[in-house]
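Taking it in order: structure first as structure tokens, then the write-up.
The values are calculated or read from the model by the stated rules, or taken from the named source; none is laboratory data. Quick caveat, the model's predicted, so the values are computed rather than measured. FYI the Cβ positions are ideal-geometry reconstructions off the backbone, even for glycines, and counts take in every protein chain you see.
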Amino acid sequence: MKNVYRRNDGRFEGRFRDSKTVKTRYFYGRSKAEVERKMTAYISAREVSDERLTVKMLFAEWLEEMKFKVKESTFANYVGKAQAHILPRFGSLCTDELTPDMLRGFITERLADGLSAGYVADIVILFKSVLKYGEKRHNIKNNISEVILPKKKRAEISLPDSVQRKRLEKWLCDNMNVTSAGIMLCMYTGIRLGELCALKWSDIDISGKTLSVSKTIQRISCPHGTKLVITEPKSASSVRVVPIPDRVVKLLTKFKAEGDCFFLSGMEKPVEPRTMQYRFKSVLKKAKLPSIHFHALRHVFATNCVEMGFDIKTLSEILGHSGVEITLNRYVHSSLERKKRFMKNLRFAA
């Protein structure tokens, strides 16, 4: 039995009681016809025995399920990984033909191709999620569930030392414009590049000396290339209010624009992250500093805060992390000079 109705949010939803799994299947679309097409396609596919269900068919079904459950950027990430890595290799295989050795061989080859262990692990996690879905929906046997993920190696972040940080800050102050102010803002608040690009003047409270992070910008893949999207931040904890140091507030007042425009552009159209990254590279070159990624500024901010005595819980909330473990493990770096300073003060009990 199936039925289609219009939801309060304007989308259409279809429900089908699956006699094989004794579960209700849900389908979503922008029109009744779209939902009915999806339901018809699913019912037709169900006529194929579960043993002949291909990886490509299962992925298509899973993606339809996930389309309205995750952010657009997350969905684009799933599609990209599937189309670039999983489907070309496994798409034509039936799910019961998959073996652990096939996946292990795939992992070995991708690592040999130069992909990072972390990226390959993400691909495998996606594949396993789809097969787990197949277990629940189609009662298929998941032959790859026990395959061990490649061990992720945390990449070393290249950070400027104290002398280089001072040189960068001096150059920014001597060559102050909205780009320089944006870089300073990240150095003194730790906000992410996408969050900076999505920042509007309405998010900045000059008198209260705070900024509100509620959006992020990123470029994602789409059927006809790529597009720029403005979405909610990385996680719920990333939505936050961040205090702005006095010296940065003074810089911001010089560029205050009228209306609800974007901070970096001063217009209704934002500056996209890769453009800001190019500008940052140009700044480093002009300041005669080694090239670093823009994200390194976030690490510099976190490390400086720890050296100044910030407690980790406070720092974690400023950075928008879901837990202090992320702050400690990824964003706090101890220099050799700092280690020497602590070791110099070491005293043993008499």
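Picking from 220, 206, 230, which residue would you name as being at pLDDT below 95, over 19 Å from residue 265 (Cβ atoms) and surrounded by fewer than 20 Cβ atoms within 10 Å (Cβ to Cβ)?
Sole residue among the options that is at pLDDT below 95, over 19 Å from residue 265 (Cβ atoms) and surrounded by fewer than 20 Cβ atoms within 10 Å (Cβ to Cβ): 220.
Yes/no matrix, rows are residues, columns are (1) buried (at least 16 other Cβ atoms within 10 Å of the Cβ); (2) at positive phi; (3) of a type in the set (Val, Ile, Thr):
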| position | (1), (2), (3) |
| --- | --- |
| 87 | yes, no, no |
| 99 | no, no, yes |
| 103 | yes, no, no |
| 110 | yes, no, no |
| 116 | no, no, no |
| 133 | yes, no, no |
| 138 | yes, no, no |
| 144 | yes, no, yes |
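Pick out the one residue from 114, 91, 105 that is assigned by TED's automatic domain parsing to the domain that holds residue 77 and touching a residue at least 24 places away in the same chain (Cβ under 8 Å).
After ruling out the rest, the residue left standing is 91.
Tell me yes or no: at least one residue of the range 232-243 is of a type in the set (Asp, Glu) and more than 23 Å from residue 177 (Cβ to Cβ).
Within the range 232-243 (the criterion being of a type in the set (Asp, Glu) and more than 23 Å from residue 177 (Cβ to Cβ)), the answer is yes, since at least one residue qualifies.
Would you check if there is a residue in the range 182-198 being surrounded by 17 or more Cβ atoms within 10 Å (Cβ to Cβ) and more than 25 Å from residue 326 (Cβ to Cβ)?
Within the range 182-198 (the criterion being surrounded by 17 or more Cβ atoms within 10 Å (Cβ to Cβ) and more than 25 Å from residue 326 (Cβ to Cβ)), the answer is no, since none of the residues qualifies.
Can you tell me which of (1) over 23 Å from the mean Cα position of the chain (by Cα); (2) exposed (fewer than 14 other Cβ atoms within 10 Å of the Cβ); (3) assigned to a helix (DSSP H, G or I) is the one residue 267 doesn't meet?
Here residue 267 meets the rest and fails (3).
Which residue is modelled with the lowest pLDDT, if the candidates are limited to the range 41-63 and must be polar (S, T, N, Q) and loosely packed, with under 14 Cβ neighbours inside 10 Å?
49
Test residue 156 against the criterion of being modelled with pLDDT under 95, assigned to a helix (DSSP H, G or I) and of a type outside the set (Gly, Ala, Ser), and give yes or no.
Here the answer is no, as residue 156 does not meet what is asked.
Just for the range 304-315: of the residues that are within 19 Å of residue 195 (Cβ to Cβ) and surrounded by fewer than 18 Cβ atoms within 10 Å (Cβ to Cβ), which one is modelled with the highest pLDDT?
Among them, the one singled out is 314.
Only one residue in 132, 166, 136 is in the same structural domain as residue 284 (by TED's automatic domain parsing), in a helix (DSSP H, G or I) and among the basic types (Lys, Arg). Which one?
Exactly one of 132, 166, 136 is in the same structural domain as residue 284 (by TED's automatic domain parsing), in a helix (DSSP H, G or I) and among the basic types (Lys, Arg), namely 166.
Within the range 141-192, track down each residue that is farther than 22 Å from residue 295 by Cβ, touching a residue at least 60 places away in the same chain (Cβ under 8 Å) and among the small types (Gly, Ala, Ser).
Within the range 141-192, none qualify.
Considering only residues that are closer than 19 Å to residue 26 by Cβ, of a type outside the set (Ser, Thr, Tyr) and at pLDDT 90 or above, which ones fall in the range 67-87?
Scanning the range 67-87 gives a single hit, 75.
For residues that are more than 28 Å from residue 71 (Cβ to Cβ), touching a Cys at 6+ places or on another chain (Cβ under 9 Å) and of a type outside the set (A, V, I, L, M), tally how many sit in the range 229-273.
So the count comes out to 0.
In the range 1-40, what count of residues is obtained for those that are β-branched (Val, Ile, Thr) and either modelled with pLDDT of 80 or more or in a helix (DSSP H, G or I) (or both)?
Qualifying residue count for the region: 3.
Here are 125, 144, 140: which of them is touching a Ser or Thr at 6+ places or on another chain (Cβ under 7 Å) and either more than 30 Å from residue 275 (Cα to Cα) or of a type outside the set (Val, Ile, Thr) (or both)?
Matching residue, one of 125, 144, 140: 140.
Would you mind telling me which numbered condition in (1) assigned to a helix (DSSP H, G or I); (2) under 23 Å from residue 170 (Cβ atoms); (3) hydroxyl-bearing (Ser, Thr, Tyr) residue 275 fails?
(2)
Return the residues of the range 294-304 that are part of a helix (DSSP H, G or I), more than 13 Å from residue 324 (Cβ to Cβ) and not hydroxyl-bearing (Ser, Thr, Tyr); say none if nothing qualifies.
If the condition is that a residue be part of a helix (DSSP H, G or I), more than 13 Å from residue 324 (Cβ to Cβ) and not hydroxyl-bearing (Ser, Thr, Tyr), then 296, 297, 298, 299, 300, 301, 304 are the ones that fit.
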